[in-house]
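The values are calculated or read from the model by the stated rules, or taken from the named source; none is laboratory data. Because the structure is a prediction, the values reported are computed rather than measured. Reconstructed Cβ throughout: ideal geometry from the backbone, glycine too, with neighbour counts over all protein chains shown. Keep in mind that these areas ignore ligands, DNA and RNA; they rest on the heavy atoms of the full protein, side chains included. Shrake-Rupley method; radii C 1.70, N 1.55, O 1.52, S 1.80 Å.
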Amino acid sequence: MSDDRVVGIVLVSHSPDVAASVAELARGLVGSGAAVPVAPAGGAEDGSLGTSAALIASAARSVDRGAGVAILPDLGSAVLTVRAMLAEGDVLPPRTRLVDAPFVEGAVAAVVTASTGADLAAVEAAARAAYSYRKE
């Protein structure tokens with residue numbers, strides 16, 4: 001898969017700082033893989049804590065390269081906002097998926113997997129598999 005058809009990743013957090021930091025971490029751990037478009041969509045439009053459909057939609061459009069977009073939300077209203085946007089049908093790019101995964105570990109797995117040229121299903125599976133990562 002060419003770099004211009006890589007899966008894009010959107011990280012939705014209630015905090016602009018958390019979304020940006022997790023995006024930076026995930027990009028930094030890619031190594032020599034292809035550049036992956038990753039966009040944080042954190043907080044409300046005024047920069048405060050919250051969730052913004054407008055920021056999510058903008059982030060999703062900015063990372064869409066035609067191979068699909070994986071959206072990883074942190075919790076609560078971020079999940080509900082993405083679900084509502086997907087239900088509307090025309091707000092997000094085609095082939096956009098809400099990915100149920102732990103936020104940090106899932107983001108890293110998604111970005112690293114996307115950097116190999118994997119398709120959207122593989123990126124989603126890698127992020128979901130992060131639920132099984134053990135730390136003991």
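Among the numbered criteria (1) modelled with pLDDT of 95 or more; (2) under 28 Å from S132 (Cα atoms); (3) open to solvent by 50 Å² or more (accessible area, probe 1.4 Å); (4) not acidic (D, E), which single criterion is violated by A67?
(3)
In the stretch 102-119, what residues are over 10 Å from V36 (Cβ atoms) and surrounded by 24 or more Cβ atoms within 10 Å (Cβ to Cβ)?
Scanning the stretch 102-119 gives G106, A107, A109.
Among the residues of the stretch 46-74, count how many are closer than 15 Å to L98 by Cα and among the acidic types (D, E).
2
Using beta carbons and a limit of 6 Å, which pairs, at least six apart or on different chains, have the first residue in the stretch 29-57 and within 14 Å of P73 (Cβ to Cβ) and the second one of a type in the set (D, E, K, R) and assigned to a loop (DSSP other than H, G, I, E, B)?
Pairs that qualify, where the first residue is within 14 Å of P73 (Cβ to Cβ) and the partner is of a type in the set (D, E, K, R) and assigned to a loop (DSSP other than H, G, I, E, B), are S52/E45.
Is one or more of the residues making up the stretch 38-56 crowded, with 20+ Cβ neighbours inside 10 Å, among the hydroxyl-bearing types (S, T, Y), under 24 Å from Y131 (Cα atoms) and modelled with pLDDT of 95 or more?
Yes, the conditions are met somewhere in the stretch 38-56.
Of the residues in the stretch 79-129, how many are more than 18 Å from R61 (Cβ to Cβ), part of a loop (DSSP other than H, G, I, E, B) and in contact with a strand residue (DSSP E or B) (Cβ under 7 Å, 6 or more places away or on another chain)?
Residues in the stretch 79-129 being more than 18 Å from R61 (Cβ to Cβ), part of a loop (DSSP other than H, G, I, E, B) and in contact with a strand residue (DSSP E or B) (Cβ under 7 Å, 6 or more places away or on another chain): 1 in total.
In a loop (DSSP other than H, G, I, E, B), touching a Gly at 6+ places or on another chain (Cβ under 6 Å) and farther than 19 Å from A126 by Cα: is that true of G50 in this structure?
Judged against the criteria, G50 is a match.
Could you go through the stretch 17-36 and let me know if any residue there is touching a helix residue (DSSP H, G or I) at 6+ places or on another chain (Cβ under 8 Å), in a loop (DSSP other than H, G, I, E, B) and crowded, with 20+ Cβ neighbours inside 10 Å.
Taking every residue of the stretch 17-36 in turn, at least one turns out to be touching a helix residue (DSSP H, G or I) at 6+ places or on another chain (Cβ under 8 Å), in a loop (DSSP other than H, G, I, E, B) and crowded, with 20+ Cβ neighbours inside 10 Å.
Taking G43, is it at positive phi and either more than 15 Å from the chain's Cα centre (by Cα) or among the acidic types (D, E) (or both)?
Taking the combined requirement at face value, the residue does not satisfy it.
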